[in-house]
Ligand SMILES: [Zn+2]
């Protein structure tokens with residue numbers, strides 16, 4: 001049952017307004033009670049709804065101002081650009097991150113989804129980001145960064161409040177999460193090659 005993905009015949013072009021349409025149809029950037037920004041459900045989201053198609057594959061390919069850089073290339077960026085890449089870049093593979101060259105290119109809502117160690121978003125077997133349970137209007141959409149971060153440790157201290165909170169998100173968390181969560185395709189492919 002996927003009432004969201006059926007609304008959109010997914011385009012191959014990468015106009016942010018199109019690529020972002022699914023997520024924006026059910027969520028918006030809002031201030032949380034603690035003053036931080038978050039992506040909040042603006043209507044009921046059924047369990048298993050597709051929210052982001054091919055996040056680590058097709059989503060950013062061809063998006064204006066976004067480029068794939070290797071870890072050494074990122075390390076060699078000027079400090080401001082490097083910080084931007086670390087903040088908004090998305091791991092596409094081991095050694096490769098897709099990120100924005102300027103903050104004006106940070107236009108899609110997925111950039112603002114916060115981390116939780118007990119996320120309500122996850123991946124389906126196509127690598128789409130889906131809701132792991134139903135969400136009510138007003139609930140924040142949360143994803144576990146440890147499921148897809150493989151190149152750099154995250155700098156923040158997690159205060160998600162979950163019993164299972166790991167406090168820090170590292171580039172090695174996926175090793176432990178793989179037994180109980182589906183991971184994005186570029187990690188699943190590596191695990192298959194090793195099996
Ligand atoms: Zn946590």
Verdict on residue 64 being in contact (Cβ under 8 Å) with a residue 40 or more places away in the chain, part of a loop (DSSP other than H, G, I, E, B) and loosely packed, with under 15 Cβ neighbours inside 10 Å
yes
Selection over the stretch 149-161 where residues are within 16 Å of the ligand (Cβ to nearest atom) and at negative phi yields a count of 9
Kindly indicate the residue of the stretch 182-195 that is assigned to a loop (DSSP other than H, G, I, E, B) and in contact (Cβ under 8 Å) with a residue 12 or more places away in the chain and also surrounded by the most Cβ atoms within 10 Å (Cβ to Cβ) among those meeting that condition.
184
Identify, by number, the condition in (1) in contact with a helix residue (DSSP H, G or I) (Cβ under 6 Å, 6 or more places away or on another chain); (2) away from the ligand (no atom under 15 Å from the Cβ); (3) touching a residue at least 24 places away in the same chain (Cβ under 8 Å); (4) part of a helix (DSSP H, G or I) that residue 146 doesn't meet.
(2)
State whether one or more residues within the stretch 162-181 are touching a helix residue (DSSP H, G or I) at 6+ places or on another chain (Cβ under 7 Å), touching a residue at least 12 places away in the same chain (Cβ under 8 Å) and away from the ligand (no atom under 16 Å from the Cβ).
yes
Does the stretch 75-82 contain any residue that is modelled with pLDDT of 95 or more, in a loop (DSSP other than H, G, I, E, B), in contact with a helix residue (DSSP H, G or I) (Cβ under 9 Å, 6 or more places away or on another chain) and loosely packed, with under 14 Cβ neighbours inside 10 Å?
yes
Applying the selection to the stretch 104-143, what residues are within 13 Å of the ligand (Cβ to nearest atom), over 19 Å from residue 50 (Cβ atoms) and not in a loop (DSSP other than H, G, I, E, B)?
114, 115
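The values are calculated or read from the model by the stated rules, or taken from the named source; none is laboratory data. Bear in mind that the values here come from a model prediction, so they are computed numbers and not experimental data. Here Cβ is always computed from backbone atoms with ideal geometry, including for glycine, and neighbour counts include all displayed protein chains.
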